[in-house]
There are 2 protein chains.
Amino acid sequence: MICIRYFIMLFLKLFLLFSLCSFTFSHDADFNPHLLPRPLIIQPEDIETQYEKFDDELNLHCTSWRFSVEANNLSPWKTIPEECLGYVKEYMIGRGYKLDLERVSSEAGVYAKNLELSGDGKDVWIFDIDETLLSNLPYYIEHGYGLEIFDPIEFDKWVQKGMAPAIEPSLKLYEKILDLGFKVFLLTGRNEKLKSITIENLTKAGFRRWDKLILRDSEQHGKLAVVFKSEKRGEMVEEGYRIVGNSGDQWSDLLGSDPSRRSFKLPNPMYYIP
Amino acid sequence: MICIRYFIMLFLKLFLLFSLCSFTFSHDADFNPHLLPRPLIIQPEDIETQYEKFDDELNLHCTSWRFSVEANNLSPWKTIPEECLGYVKEYMIGRGYKLDLERVSSEAGVYAKNLELSGDGKDVWIFDIDETLLSNLPYYIEHGYGLEIFDPIEFDKWVQKGMAPAIEPSLKLYEKILDLGFKVFLLTGRNEKLKSITIENLTKAGFRRWDKLILRDSEQHGKLAVVFKSEKRGEMVEEGYRIVGNSGDQWSDLLGSDPSRRSFKLPNPMYYIP
């Protein structure tokens, strides 16, 4: 339905452009607006208003969808809604994503600064990697911002390049967490066989050190991320660690058993991992 | 900072209005646009553009704030940001809030419909009351949409009227949950002494029956909502119930121990309960 409306609006927009052009070209030195037939002036405005209305409606619809993603209200989903491609693109490469990343990083930073460390080296901050420390946005720009169904072979090729840039606000938080004296554990759904390229990529992106890097080995293959990550947190707690902070872009990074004292959900409207 | 910018923009807006009025009043039969000094035409457009830019910036800022609320990234907060009053107002009384409520209700409905009931009458759906089943929006409209610090005495007077309307999409979900055969438990932070007015209000608003109504008694007074609600869920589990769904507008309704199999976070940018 929305797709059809989209095309109608595209047609109306072209018509509007055409009308405005005729209007511009007819505007010479002897131009007298009172001699022009009224509809030529009024119609394009009506279309513009209608176009804006449709834009507003689509914006509301996609904002509502994004809210339900970030509040974890949706059932598992495989691709973004087709009609929200423009919205997600604008959010991801515009200022929206950057602003949201900066806010979550600064909120986490304030919380971390006010925490009292126990001094026994057992206070841990967990970071996820993809879309938390490293950005795969260059890959998703080439693959429809989540509109294409996830292709593990293509994505693997991208990961193997080791070219994912740092998410700058996360790097800033990361530095702060290290400087404050927390232990930093990286907990990722990436496969163990990607260990060396992951280390290379992290280092190149500016993440200078960590205390543990936990990847998914063959044993944990096939487990849901939320189960795998809960189990790993459970092991940390058993080893006497206190998980005081956890940063991740998926709810499956944050929910489950042995949750962190506080969790920070980074924005990600492009994909969902259960 | 933003406040000062707000006032500057207000001034520019007034100036724009004034300029446009002069322009309109000077537009008589002998009007020739080429004789007008250029700045009179160009300046208002510049101001309009600047005004739109500022509006966009404020909108981005407040959207980012709202997402951090709904993703539970913020430290406990007492009032909404002053500069976001207009944004929150527009969201609450415009289409945004309604759309978000409808989406969370329909997502929960689809999930509920696909659940297989055990048939032993032990499958429970928990509903919070305020801003989940009943709307206090009429009160908050009179009290700055969360800009005023919460006044328990004033709010109590409002509750005592028993006039809170149903949140329509929640009522629709509620009916469906009852029809599907779930047990419905209402779990609210409201004080036990508000029991009869709460029953009266719920009934008047169309909530026709429930299996348990759990309020906060004097013993639980002073406990954080997240602790009180976790304890109550714990008791349900001990009694052999399976909590399969939980609807609430606060993360303190949904997080903590013995969480529901799936939780549904209703939007609420007006207040925060820890």
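A compact table of results
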{"item": "Residues satisfying the stated conditions in the range B:221-236, i.e. of a type outside the set (D, E, K, R), assigned to a helix (DSSP H, G or I) and surrounded by fewer than 14 Cβ atoms within 10 Å (Cβ to Cβ)", "result": "B:Gly234"}
{"item": "Any hit, the range B:197-205, residues being of a type in the set (Asp, Glu), in contact with a Gly (Cβ under 8 Å, 6 or more places away or on another chain) and part of a helix (DSSP H, G or I)", "result": "yes"}
{"item": "Criterion (in contact with a helix residue (DSSP H, G or I) (Cβ under 8 Å, 6 or more places away or on another chain) and surrounded by fewer than 15 Cβ atoms within 10 Å (Cβ to Cβ)) met by exactly one of B:Ser247, B:Ser218, B:Ser196", "result": "B:Ser218"}
{"item": "Some residue of the range B:126-139 being within 14 Å of another protein chain (Cβ to nearest Cβ) and touching a strand residue (DSSP E or B) at 6+ places or on another chain (Cβ under 8 Å)", "result": "yes"}
{"item": "Some residue of the range A:99-116 being surrounded by fewer than 20 Cβ atoms within 10 Å (Cβ to Cβ), at pLDDT below 95 and not in a helix (DSSP H, G or I)", "result": "yes"}
{"item": "Residues satisfying the stated conditions in the range A:118-160, i.e. under 20 Å from A:Ile199 (Cα atoms), crowded, with 23+ Cβ neighbours inside 10 Å and among the hydroxyl-bearing types (Ser, Thr, Tyr)", "result": "A:Thr132"}
{"item": "Selection count where residues are crowded, with 20+ Cβ neighbours inside 10 Å and touching a residue at least 60 places away in the same chain (Cβ under 8 Å), scope the range B:163-176", "result": "4"}
{"item": "Residue tally, condition assigned to a helix (DSSP H, G or I) and not charged (D, E, K, R), over the range B:237-257", "result": "4"}
{"item": "A:Pro269 under 24 Å from the mean Cα position of the chain (by Cα), over 27 Å from A:Pro152 (Cβ atoms), at pLDDT 95 or above and not in a helix (DSSP H, G or I)", "result": "no"}
{"item": "Conditions (1) in a loop (DSSP other than H, G, I, E, B); (2) free of Cβ contacts under 8 Å to residues at least 12 places away in the same chain: number failed by A:Glu148", "result": "(2)"}
{"item": "Residue satisfying all of: in the range A:45-98; among the hydroxyl-bearing types (Ser, Thr, Tyr) and at the interface with chain B (Cβ under 8 Å from one of its Cβ atoms); nearest to B:Pro259 (Cα to Cα) among these", "result": "A:Ser75"}
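A quick yes/no check of all residues on (1) closer than 20 Å to B:Asp100 by Cβ; (2) under 30 Å from the mean Cα position of the chain (by Cα); (3) hydrophobic (A, V, I, L, M, F, W, C); (4) modelled with pLDDT of 50 or more:
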residue: A:Leu12; (1), (2), (3), (4): no, no, yes, no
residue: A:Leu40; (1), (2), (3), (4): no, no, yes, yes
residue: A:Glu57; (1), (2), (3), (4): yes, yes, no, yes
residue: A:Glu82; (1), (2), (3), (4): no, yes, no, yes
residue: A:Tyr87; (1), (2), (3), (4): yes, yes, no, yes
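The values are calculated or read from the model by the stated rules, or taken from the named source; none is laboratory data. On a predicted model such as this, the values are computed, not experimentally measured, just so you know. Cβ atoms come from the backbone with ideal geometry, glycine included; neighbour counts cover every protein chain shown.
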